[in-house]
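One structure below.
The values are calculated or read from the model by the stated rules, or taken from the named source; none is laboratory data. Source: prediction; values computed, not measured. FYI the Cβ positions are ideal-geometry reconstructions off the backbone, even for glycines, and counts take in every protein chain you see. Keep in mind that these areas ignore ligands, DNA and RNA; they rest on the heavy atoms of the full protein, side chains included. Shrake-Rupley method; radii C 1.70, N 1.55, O 1.52, S 1.80 Å.
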Amino acid sequence: MTINPDLQGRSYPAAEVYDVGREKIREFARAVKATHPAHFDVDAARALGHSDLVAPPTFAIIIAQRADAQLIEDPEAGIDFSRVVHADQRFTHHQPILAGDRLVAELHVDGVRAMGGGAMLTTRSEIYALGEGDSRQHVTTTTSSILVRGEGQ
């Protein structure tokens, strides 16, 4: 199956809410060998002016990948995940991710480029923390490039 070139410009709305918990931050920090006390100790995070534990910068990948799943699972996309190679990932942080945040991500397909028998897709996830009522604060922007290998590659 080939990648649908009409994906470029498509957006996927924010779906499920991700509740950031203290233990999730601690587990992620241990997994990526982030050792700053603000990832583990609430008092250390508060001493830096935060209300709760601070997630390591790459924690946003958890929420971004949940948004990416919408694209991967979209039958119109034509993506065979077994043929996907992750090419690039970048983060732009607008504010830290903290324990207690309720996060959602909107996914945007910014580019689709044919490459041989495959395609390179560039996506952007806009991650927001939900607040009171309908308010939300922009937390992180992630950009990702994946290569979907063609048949025989």
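Figures for the structure shown
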item: Whichever residue in the stretch 110-130 is open to solvent by less than 20 Å² (accessible area, probe 1.4 Å) and small (Gly, Ala, Ser) and, among such residues, is modelled with the lowest pLDDT; result: GLY118
item: Condition check for LEU107: buried (at least 19 other Cβ atoms within 10 Å of the Cβ) and modelled with pLDDT under 95; result: no
item: Filter result for the condition that a residue is touching a Gly at 6+ places or on another chain (Cβ under 6 Å), among the basic types (Lys, Arg) and open to solvent by 10 Å² or more (accessible area, probe 1.4 Å), over ARG149, ARG90, ARG46, ARG102; result: ARG149
item: Residue pairs meeting the criteria (Cβ under 9 Å; at least 6 apart or on separate chains; first open to solvent by 70 Å² or more (accessible area, probe 1.4 Å), in the stretch 13-33; second modelled with pLDDT under 95); result: PRO13/GLN70; GLU16/ARG66
item: Odd one out for SER144 among (1) over 15 Å from VAL20 (Cβ atoms); (2) free of Cβ contacts under 8 Å to residues at least 24 places away in the same chain; result: (2)
item: Residues of the stretch 81-119 that turn out to be under 28 Å from PHE28 (Cα atoms) and assigned to a loop (DSSP other than H, G, I, E, B), as a count; result: 7
item: Scan of the stretch 34-75 for residues that are assigned to a loop (DSSP other than H, G, I, E, B) and either within 19 Å of the chain's Cα centre (by Cα) or free of Cβ contacts under 8 Å to residues at least 24 places away in the same chain (or both), ordered by number; result: ALA34, THR35, HIS36, PHE40, ASP41, LEU48, GLY49, ALA55, PRO56, GLU73, ASP74, PRO75
item: Residues being out of contact with any Ser or Thr (no Cβ under 9 Å at 6 or more places or on another chain) and either open to solvent by less than 70 Å² (accessible area, probe 1.4 Å) or among the hydrophobic types (A, V, I, L, M, F, W, C) (or both) - total across the stretch 131-146; result: 4
item: Residue satisfying condition, being touching a strand residue (DSSP E or B) at 6+ places or on another chain (Cβ under 8 Å), farther than 17 Å from SER144 by Cβ and either at pLDDT below 95 or open to solvent by less than 60 Å² (accessible area, probe 1.4 Å) (or both), within set ALA60, ALA55; result: ALA55
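For (1) free of Cβ contacts under 8 Å to residues at least 40 places away in the same chain; (2) within 17 Å of the chain's Cα centre (by Cα), each residue gets a yes or a no:
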position: ASP110; (1), (2): no, yes
position: GLY118; (1), (2): no, no
position: GLY131; (1), (2): yes, no
position: SER135; (1), (2): yes, no
position: THR140; (1), (2): no, yes
position: ARG149; (1), (2): no, no
